[in-house]
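The structure appears below as structure tokens.
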Amino acid sequence: MKTISARQTGIIVFLTILANKILVLPSVMYEQSKADSIFALIAIFSFELLVLTIFLQVKKAHPDQNLKEILKQKVGAVVAKIVIFAFLVFFLFKTMLTYSVLYIYLKDLVYQDEFGFLALVCLFPVVNHAVVCGLRAMGRTFELFYYIVLVGVLFCLGIAFFTDISMPNFFVASPTEILNSGFTHIFAFGDYLALFLFIDKIKLRKGEGKKIFFFAFVGIFLVLSIFVVFYSKYQVTAFMHNNALADLLIFSVQFNAIGRLDIIAMLTIMTLGLFQLEIFQAAFCESFVQVFEKLSIKYAVAVFDVLFFVIYLVIIKKYEIMLSFATDYLIYLAILTNVVLPILIYALGHKHKKELSNEKSD
Amino acid sequence: MKKVINAIKKYPFILILVLILVVFTPYSLFSPGQSRKRAVVIAIGLDKIENEYEISFLTFIPSPNQEFQQSNSVVSGKGSSVSEAVLDAQLTLGKDIGLSHAKTTVVNERMLEEDISSSLDYLMRVVSLPENTVFVCTNTTAKELLMATDSLEQNLGLKLDQLVSYNANEVYITDTSLEAFYKGYYSPTKSSLIGYIEHVKEDGSQSEQGGGQNQSGSQSSGCSQETSQSTSSQGGQQGGAGSSEQNSSAGSSGQSENEKQRGSLQGQSQILNKGDAVLLRDGQKVALLDVDNLNSINLLSTKRSLDSITISDVQTEDEKNVDMTFLVKNKVVSIKTDFQNNIPLFVANINLGVQLSEIDTKAQKVKQNVQNTQITEEIAKKLEQKIKSEFSQMLQIIRENKADVIGVYDSFFTHNRKEFLKFLSSLDDRENFLNHVVFMLNLKIQQDG
């Protein structure tokens, strides 16, 4: 089996942590809980780090098994399939949300006419090809582009310091408002859960878990920095800016005088968006193959494309509907995948450990 | 052929690539250029005449040539709403409008009689007017100012956004972009500052009536396309022509010499940049601030501004009753907020490093070296009096209009939040909180260097 290294896994975690959080999210969260949204973010990220620990424990206990095999052992084939099916639906809509956010950004900045079909036609052959090539090829590509993406994000952050910024006012929103903003936008989180679906394809040596945590911390640090700098720069008008990372560059009057530096934000966001779509589609295909064992990855890709085109272009139609769908309905699915399932997996693992120790003592 | 089929089988991605090329190459080759479909707008003017909106676009039309050439033209449209007016202008242009390059947004003073944000809303949300556009107000119609701007650029190579950006960097300190306007508008104090550019016509009048005399002649109602000229990059000769035109026109206009120098004349009308600003509250104009008022606002800012202070009737060793002008070269500002007996106290400790730049003596000769003049106690006292008197004038304006543009609310909210919120809740009119704040200005004036 073609596996990916700990470093490549870490980069996947880094890319997924940035997914859906650096463009629209800072703005929509500000509407609900002002700059205190950062506290909601810190709370969710803390939980995500715990889930990452659970993932590493599961990986340690079952180094060569995939998620379906692990779950089958503990809860039976039917429940295992239901759990994986939940992940399948989760990543299908996750891809749609990521695509929507990227589409809004490109529509705002590059092509102001509607070009949904055109974007899909240009984007999806590349994404499909990456998924068919497999996780190792993807991992190597991510490794190659990691520093480029990192420098791009840091550059956007750095430029913001050349304009007027002052710390936003914290402790303005009530705890209920903070919790609410975290709850409403929970579907934008949990992207790294794709690791559970790739679990058998990850090769981890002893002590390499630290590498994954390092990349997770880099990702979390960047997201928090983008939130803080964005709120510091725009403050009360933060709700008007839908492309946080790009807006850190664009609306600095000084830099507009020397040219369009926003091309850097554009390239960074497009690269990030492409990689995130690849990871989410790969996660969908992996769950598809685990649910429908007899079908290959190529069928999974074809099914994904058909479902995506039918649901997105025929039923959802507009990206605004996708965004409201994510905050109104998909939050329940996200609660299941982001909170309930990791706790369930942890509980099962804990039970398994207890049984093993009981067997040993007997 | 077999080899090709085998290669496609092995690498199906080639087929997708070929398909994309087959579909999109003819489409790209036969589709017209973007400049044919979309007009690049570099400045926008918004007027309201009775109940009708008029929107004017200063558009940039690139034309292929051996040397760089561009044509600018002002196109306008009218309608009962801003969206209708935009549509009307688009019909006139025969193109969609692209506002990504719009660097200036001009509104007529009358537009500011009611909340301007409702008029800007459509432009911001639907047609994507960038928030970093410089936002200015004018006394005549915005359309006339745009037309005058076009000629300003041709004659002097000076763009309106550059003119206002200079004000923003050196006079107002805070920028006067649309973003800055919204920051103030959505802040708890609902107050903001925007630039003010005066437009004076041939006879020196500053009337608010339309139908100005421009290079393009009289304006026509409804959709009209006016002032279409070209600018060359090898414009040395044109620059010369511009300045000579400025002199001849200056002689004919009824303005003071000072205003003539500040203003950039073109043809029959001139743009006067006095560095004034409009004080807005709830998106409505509440006062016009002059440079002295703005200097007083900037006094509390840590950034340095173009600030000169003139004091009169100073006694020196050699002369009696001389006028002295000082330039502020250095400034250290420390703001402290506190509550004493439930009274909010706003204390500004300011150290000013000033340099004497000019002495106006009653005698014919200046007997002392200006650069070596020491700041005596009397001079320091006079400077302090002058600064404090201008500060209290500014304070009176912002108190009367309940428009906190000096950051008093923010300072108290940041440093004494609990007490400040309690204080605000004790007031009948929270918006009038500035009247209850005690201001203390501690000045220390020293010779710079």
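Please treat every number below as a calculation from the coordinates, not as lab data. These numbers were taken from a predicted model, which means no experiment stands behind them. No Cβ is skipped: glycine too gets one built from the backbone with ideal geometry, and neighbour counts run over all protein chains shown.
Here are some notes:
- Summed residue charge, Cβ within 15 Å of A:Ala77's Cβ, Lys/Arg positive, Asp/Glu negative: +3
- Most positive-pole-ward Cα, A:Gly209, A:Phe221, A:Leu102, against dipole of the range A:6-361 from beta carbon charges: A:Gly209
- Burial order of peptide ranges B:322-330, B:415-423 (average beta-carbon count within 10 Å, highest first): B:322-330, B:415-423
- Per-residue Cβ neighbour counts within 10 Å put A:Asp247, A:Asp328, B:Asp115, B:Asp307 in the sequence A:Asp328, B:Asp115, B:Asp307, A:Asp247, beginning with the fewest.
- Structural descriptor for chain A: relative contact order 39 percent, calculated from alpha carbon pairs under 8 angstrom and at least 6 residues apart.
- Across the range B:383-449, the mean sequence separation of Cα contacts (distance under 8 Å, 6 or more residues apart), normalised by length, yields a relative contact order of 41 percent.
- Charged neighbours of A:Gly190, selected by a Cβ distance under 13 Å, balance to 0 (K, R count +1; D, E count -1).
- Helical content of chain A, expressed as a calculated mean residue ellipticity at 222 nm, amounts to -24000 deg cm²/dmol (DSSP H runs of 4 or more residues, -39,500 (n - 2.57) each, divided by residue number, nearest 500).
- Once the Cβ-Cβ distance of B:Ser392 and A:Lys74 is raised to the sixth power relative to R0 = 45 Å, the FRET efficiency obtained is 0.05.
- Remark: B:Val347, B:Val74 ranked as B:Val347, B:Val74, counting other beta-carbon atoms within 10 Å and listing the fewest first.
- Annotation: amide H of B:Thr141 has no partner in the under-5 Å range at sequence separation 5 or more or interchain, hydrogens built in the peptide plane.
- Once you reduce the range A:282-337 and the range A:1-72 to the center of their Cα atoms, the two points are 19 Å from each other.
- Taking Cβ atoms as reference points and 15 Å as the exclusive limit, the residues near A:Ala130 contribute a net charge of +1, counting Lys and Arg as +1 and Asp and Glu as -1.
- Take each residue in A:234-247, count the other chain C-beta atoms within 10 Å of its C-beta, and the mean is 3.
- Projecting the Cα positions of A:Ala160, A:Ala137, A:Thr176 onto the charge dipole of the range A:23-176 (unit charges on Cβ atoms of Lys, Arg, Asp and Glu, taken about the Cα centre) puts A:Ala137 furthest along the positive direction.
- Net charge dipole, the range B:295-447: roughly 400 debye, given to the nearest 20, about the Cα centre with Cβ charges of +1 for Lys and Arg and -1 for Asp and Glu.
- The magnitude of the dipole of the range A:6-361, with charges of +1 and -1 set on the Cβ of Lys/Arg and Asp/Glu and taken from the Cα centre, is near 1420 debye.
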